[in-house]
1. Among (1) outside any strand (DSSP E or B); (2) buried (at least 17 other Cβ atoms within 10 Å of the Cβ), there is one condition B:Tyr18 misses while meeting the rest; what is its number?
2. Quick check on B:Ile165: is it open to solvent by 10 Å² or more (accessible area, probe 1.4 Å), among the aliphatic types (A, V, I, L, M) and part of a loop (DSSP other than H, G, I, E, B)?
3. Looking at B:Ser172, B:Ser179, which one is buried (at least 18 other Cβ atoms within 10 Å of the Cβ) and either away from every other protein chain (no Cβ under 14 Å) or out of contact with any His (no Cβ under 6 Å at 6 or more places or on another chain) (or both)?
4. Determine which member of the set B:Glu149, B:Glu121 is more than 12 Å from every other protein chain (Cβ to nearest Cβ), at pLDDT below 90, under 23 Å from B:Thr190 (Cβ atoms) and open to solvent by 30 Å² or more (accessible area, probe 1.4 Å).
5. So B:Val158 passes all but one of these: (1) within 14 Å of chain A (Cβ to nearest Cβ); (2) modelled with pLDDT of 90 or more. Which condition number does it fail?
6. Among the residues of region B:77-94, count how many are open to solvent by less than 50 Å² (accessible area, probe 1.4 Å), away from chain A (no Cβ under 12 Å) and either under 17 Å from B:Thr154 (Cβ atoms) or free of Cβ contacts under 8 Å to residues at least 24 places away in the same chain (or both).
7. Has region A:253-260 got any residue that is buried (at least 16 other Cβ atoms within 10 Å of the Cβ), within 14 Å of chain B (Cβ to nearest Cβ) and modelled with pLDDT of 75 or more?
8. Could you look through region A:148-171, keep only residues that are within 21 Å of A:Val201 (Cβ to Cβ) and open to solvent by 50 Å² or more (accessible area, probe 1.4 Å), and pick out the one that is nearest to the other protein chains (Cβ to nearest Cβ)?
Amino acid sequence: MALPVIGSLEPPPLVYDAATALAILLSSIITGFLIGRRVRLLLQARVSRDLALIISRAVSYAIYSLGVIAALSQLGVNVNVFLLAGGVAGIVIGFASQTIAANLLSGIFLYLDRPFKQGEPVEINGVGGVLHDVSVFSTKIRRWDGVLVRIPNEEVFKSIIEMPARSLARRIDYQIPLARGADVARAREAILRELEKHGLVLAEPPPEVYIESMGEYGTLITVRYWSPSKRWFDAKISVIENVRKALKEEGIEIAAPRRIVELEEQGGEQDNNSAGEQGN
Amino acid sequence: MNGSEGETRLGPLDEGSYKVAGNTIIVRRFRGWQEYIRLSPEGSVAARRKLAPGMRLLLASYPPFLLPEQGLFNCIYIRLSEPVVVHQRSVTKVIIESPFDYAVIAESGDSHILVDVFPSEAGPPKLAVYGDLVEGMLCRFHKSPVDNEPRPGTATTVLHIINQIDDAASISRVVLPRSGLNYYHLPGGTVRASDVVMTIKGAALAEIEYEEPRLPRGSVRVPMVQRERRLLEAVPYRLHEKLVMRWGF
């Protein structure tokens, strides 16, 4: 006689599916955590800490998401709806976060390209200063006046970047207007003597002093010399001061706009009928 | 060196005052301590140090790498006043000048501490770029006559030119690396630098190496100060004793 069946030894399907889903979820969490940590450790030696953290988290969350989808699927939930919704949401978020994505990608490419180093003098988009930091989305420059400026990486990537410290020497040009009648040859000699004496003016490439043009107020002289990039500013301010003193000592006049008032006598009366800006 | 004002003499600095390259050096002693003062040519105090008992002060001609601009360069660029033309596959020797700075060094046993440094010639030392503006080198510049008596403030350097190519070579400049360059005080009060061997190996390339010179008895090698020693140990890869340069131009 057969015994009556009072129940199956196998767990009911719902409990089995729930346990499997839980196992999938747990294993995906553990796997995501371990792989994420491994990715972060691998990347830390190659890219910045911030970028390594973001990439490792993205990897972890991708694995968690796959685990959630697999777990839901195990429970009999139709995940196609989620995938479709996720796809639509992805497109919407993609459009909305275009700038963020562009900045992120630019940041990654800047890391790979490494066009500049932290602490290096740079000029990006007309903003000059010392490079403070390059993060995932932006580049920060401490401007010469001390203000910290944040520039989005997308803009940095597209910009012309000047890196003056990469050259050993930097050229400095001045223009000095000499008054009409000034002895140009003597002025040239005095300027060259000053440049020769100055320790921050390089001997090679040699300095040059030449007539640029004959202007309204006199002769325009160009002074051109090279200086070590690291002492460029010191050279710029001290040389012009020395040159000014040297020209003054030589009695060479610098041109300046002058107003000459000519007085003419008309019928016994004085009249200043002629006044205007003229060269001397 | 005794304490009378007069001609510059290299070596130990005892109590007294000395005229060196327009500067006035004053060394005073008080209860075993020494005070070192340097007055600039304009008369202002340019350097002042106090030294513990037992330290000895030396005035030395030092390779020109200790001035504040030292971080900028690691070589000496010597432009010859006129080019030296060397026959194909031949060896020749010329005397050139190498610049130095005056260094005041405190000696304590085997250790040498830099107390002060100032240029030997009138006016500030000049710099020049050798080679490309990005890939080249920033060097201390010196324009040297060839086969002349060395001028004050310069060391005698013997330049051996070995031409290994089948063409005559016209040498107009020599670049000396920082590392390996030694200066010596000779008994007569003159200064001698390491000999320079320039081996012309190609149409434009020459190799520069140092060789220790044969010196008269009583010559003294200028000791290396600790700062220089540390720098050479810290960044040896930048400061090779051998250098390959382009000759001519």
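1. (1) is the only condition that B:Tyr18 fails.
2. It is true that B:Ile165 is open to solvent by 10 Å² or more (accessible area, probe 1.4 Å), among the aliphatic types (A, V, I, L, M) and part of a loop (DSSP other than H, G, I, E, B).
3. Testing whether each residue is buried (at least 18 other Cβ atoms within 10 Å of the Cβ) and either away from every other protein chain (no Cβ under 14 Å) or out of contact with any His (no Cβ under 6 Å at 6 or more places or on another chain) (or both) leaves just B:Ser179.
4. So the residue among B:Glu149, B:Glu121 that is more than 12 Å from every other protein chain (Cβ to nearest Cβ), at pLDDT below 90, under 23 Å from B:Thr190 (Cβ atoms) and open to solvent by 30 Å² or more (accessible area, probe 1.4 Å) is B:Glu149.
5. Failed condition: (1).
6. Result for region B:77-94: 2.
7. no
8. Going through the qualifying residues, I end up with A:Arg166.
The values are calculated or read from the model by the stated rules, or taken from the named source; none is laboratory data. Predicted model, so just to flag it, every value in this text is computed and none were measured. Please note: Cβ atoms are built from the backbone with ideal geometry, for glycine as well, and neighbour counts cover all protein chains shown. To get the accessible areas, we keep the full protein, side chains included, count just its heavy atoms, and leave off ligands, DNA and RNA. Shrake-Rupley method; radii C 1.70, N 1.55, O 1.52, S 1.80 Å.
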